[in-house]
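Have a look at the structure below, then the notes.
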């Protein structure tokens with residue numbers, strides 16, 4: 001048995017090489033000066049890769065109304081998402097409603113002016129992102145039928161309560177919020193070379209109406225006398241509803257996009273399973289629709305045209321997933337996987353497979369980390385030096401700062417932008433205040449942004465360039481607003497625990513209890529370096545050493561470091577019931593504080609018109 005096992009291993013090793021050579025990696029040459037760069041200048045002055053001009057053909061860049069079939073219209077350009085209007089004998093049905101009350105009002109006005117004055121009797125949500133204008137669209141919000149995924153109401157409510165970007169690890173919400181603002185262009189200008197070319201994030205008043213009828217996978221529902229079938233099993237970037245009109249052979253979906261699906265988002269997101277995205281596309285393909293209407297992309301007409309479009313799009317998703325696994329089986333780590341996926345020509349040239357939102361090299365490592373974690377089996381990384389020391393030693397080996405900066409500048413002139421950025425980053429890691437390095441990196445990142453085929457990549461790169469120049473300040477975190485903290489004070493006691501400094505708290509053990517004005521109670525057991533959240537202090541094994549009654553507004557200010565405990569006590573918002581105020585201050589000082597001198601307000605510039 002032992003000999004046989006060894007023989008099988010030997011045979012298997014012959015079939016799967018230990019590693020690939022550089023010729024097996026497909027690095028995008030545009031970032032190392034190996035491809036001619038063509039740029040475009042948008043009407044607002046934004047300079048970007050000319051590829052974006054082609055991407056505009058895949059969407060409705062300005063308000064457009066198209067009658068796609070008898071009784072079915074699409075409204076594109078009125079929102080970041082397309083809106084579908086279906087006319088029945090009993091009234092109108094809308095699919096999605098925009099992302100704000102304002103959009104709902106504008107969409108209804110367009111419907112009344114250009115389509116029909118029949119009552120809008122029902123709304124169907126493809127997912128939770130574009131259902132915020134419904135209350136201003138339907139004629140009677142109290143009686144309108146609202147259909148959606150069984151998880152939609154819960155998802156939207158979590159969005160409302162979060163006070164920022166939704167996080168699988170809620171304590172990290174402030175970090176994800178800051179990164180979300182970068183992705184959605186909040187640090188780009190309105191006009192000029194650094195202007196935005198896509199939407200900007202802003203907080204808007206919503207007119208959300210919750211789902212009144214959830215549907216199951218495959219369920220048939222008659223609405224306004226028309227048959228609808230719903231498919232719910234597969235997720236895209238959210239819990240998704242695919243809508244099928246069997247008689248008309250029309251499908252509406254959130255799986256087919258005007259660019260590669262965002263299988264990983266640079267802002268930070270939970271793992272998005274490519275197999276679910278693939279399977280959702282397969283459901284559409286197998287329905288054999290004659291007309292495919294999409295949340296973001298233009299409508300595709302004709303049975304063969306829909307089949308070809310779905311097949312090409314679905315096959316790229318399969319390719320990215322399967323080749324990522326193949327690369328891991330060949331021993332590749334996440335950095336090598338970035339450039340391992342070879343795109344067959346017919347898939348690379350298919351317009352909707354353009355990497356205009358995100359790029360494939362950002363997707364492939366996500367699968368590795370999801371299953372394998374950070375370790376790529378390269379044992380040299382087990383005790384890798386901290387970044388600053390690594391940079392110092394590397395720069396010294398290369399001859400010092402002056403030589404490294406000169407080499408970086410020479411690479412920049414040759415448009416070896418990726419290498420110039422890496423060399424410059426060594427110097428920046430050593431000294432972030434080095435004026436010459438900051439200016440150089442700003443030039444490199446701006447050039448990379450203008451080269452990037454991804455609107456997300458452009459936003460991150462150009463935003464960083466502007467930050468290095470001092471034009472904008474990009475916060476590392478964006479804390480929740482005070483009213484959010486005040487709305488659920490006990491929850492934010494739990495969030496507070498991760499801010500404890502174990503070095504300061506190493507020799508402290510105290511049980512701290514807050515009784516809030518909303519009737520809730522929560523505790524933190526500070527125990528020699530950690531803080532255990534205690535949801536029911538009365539049942540905890542250690543009685544309170546320090547307790548206080550706190551009104552929710554005061555707790556929010558304390559949580560955000562807007563006031564001191566002394567100020568809170570003077571105002572009457574905090575009253576000690578056990579222990580002294582000095583005791584409370586001593587324990588509170590063991591926790592990190594938000595910098596009250598920083599402006600964490602979400603930056604929104606003068607206009608949101610990015611066309």
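Each reported figure results from applying straightforward, stated rules to the coordinates on display, with no laboratory input. Predicted, not measured: the structure shown is a model, and the values here were computed from it. Positions of Cβ are backbone-derived with ideal geometry, glycine not excepted, and every protein chain shown enters the neighbour counts.
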Exercise for the section: Report the antiparallel proportion of the DSSP beta bridges in the chain as a percent, rounded to a multiple of 5. Expected result: 70 percent
Exercise for the section: Please list 570-581, 451-462 highest first by mean number of surrounding beta-carbon atoms within 10 Å per residue. Expected result: 451-462, 570-581
Problem - Convex hull (Cα only) mean projected area of the stretch 482-588, reported in nm² to one decimal - result: 5.9 nm²
Completion exercise
Restricted to the stretch 482-588, the DSSP antiparallel beta bridge percent, nearest 5, is 75 percent
Problem - Residues 326, 446, 377, sorted so that the one with the fewest Cβ neighbours within 10 Å comes first - result: 377, 326, 446
Problem - Paramagnetic reach from residue 394 in the stretch 427-453 [backbone N under 16 Å; point 7 Å along Cα→Cβ] - result: 427-432, 441
Handout entry: Packing-based exposure ordering (other Cβ within 10 Å, fewest first) of 546, 325
Key = 325, 546
Practice task
Mind giving me the nanometre distance, one decimal, between the label points for residue 222 and residue 498, set 7 Å out from Cα along Cα→Cβ?
Solution key: 5.1 nm
Fill in the blank from the handout: Calculating Rg and Dmax of the Cα atoms in Å from this structure picks out, from (i) 37.5, 129; (ii) 26.4, 78; (iii) 27.4, 81, entry (iii)
Completion exercise
Fewest to most Cβ atoms within 10 Å: 105, 197, 223 sort as 105, 223, 197
Exercise for the section: For residue 413 paired with residue 583, estimate the spin-label separation in nm (one decimal), with each label point 7 Å from Cα along the Cα-to-Cβ line. Expected result: 7.0 nm
Exercise for the section: Treat each spin label as a single point 7 Å out from the Cα along the C-beta direction, and report the residue 88 to residue 57 distance in nm. Expected result: 3.8 nm
Exercise for the section: Before rounding to the nearest 500, sum -39500 (n - 2.57) across all DSSP H runs of length at least 4 in the chain and divide by the residue total; then give [θ] at 222 nm in deg cm²/dmol. Expected result: -11500 deg cm²/dmol
Practice task
Starting from the Cα-Cα distance between residue 249 and residue 536, subtract it from 0.36 nm times their residue separation and give me the gain in nm to one decimal.
Solution key: 97.8 nm
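Tell me, in nm to one decimal, what length is gained between residue 342 and residue 518 on full extension, where the rule is 0.36 nm per residue of separation less the Cα-Cα distance?
57.6 nm
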Problem - Mean-position separation - Cα centroids, the stretch 347-402 and the stretch 536-587, in angstrom - result: 44 Å
Handout entry: Extension gain, residue 114 back to residue 26 (0.36 nm per residue minus Cα-Cα distance, nm)
Key = 26.8 nm
